[in-house]
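Below you'll find the structure, written out as structure tokens, and then a few comments.
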Amino acid sequence: MFPHAHIAKEITSSPEARFADEQRASGSAPRQQGRTLTGREREVLTLLAEGKTVRAAATALGLSRKTVDNHKSNLMRKLGVHNKAQLVMCAIRARMVNIPPNL
């Protein structure tokens, strides 16, 4: 089903690649796997995963709300997810955010 499933996990070191590996292993691979995230997309993903709104992320990064919303849309497309909750799960699985021990 996945012709490149034999590639070692160590070769794919980026968070989105690790997420794609996990998704392949669970049978629900992202539609656009293999695309890399830009540095800015990683920043946006981290802020959103930490609970910031698009507006708050835009303020923190010095960008317009529309620009951050575009980054969010690109992230969703690249990672093959459909909502912010799924984006947060991607960030958690990729260890891009720390989960407090009391949760």
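I need the full set of residues from segment 10-64 which are modelled with pLDDT of 50 or more, buried (at least 16 other Cβ atoms within 10 Å of the Cβ) and over 14 Å from the mean Cα position of the chain (by Cα), in order please.
Hits for segment 10-64 are Arg24, Lys52, Val54, Ala57, Ala58, Leu61, Leu63.
Looking only at residues in segment 65-103 that are of a type in the set (S, T, N, Q), in a loop (DSSP other than H, G, I, E, B) and under 17 Å from the mean Cα position of the chain (by Cα), which one is modelled with the lowest pLDDT?
Here the residue is Asn98.
Report, ordered by the first and then the second residue, all pairs with beta carbons closer than 7 Å, sequence separation of six or more or different chains, a first member in segment 75-95 that is under 15 Å from Arg42 (Cβ atoms), and a second member that is modelled with pLDDT under 90 and aliphatic (A, V, I, L, M).
Ala91/Val97; Ile92/Ile99
The values are calculated or read from the model by the stated rules, or taken from the named source; none is laboratory data. Predicted model, so just to flag it, every value in this text is computed and none were measured. Backbone-built Cβ (ideal geometry, glycine too); neighbour counts: all protein chains shown.
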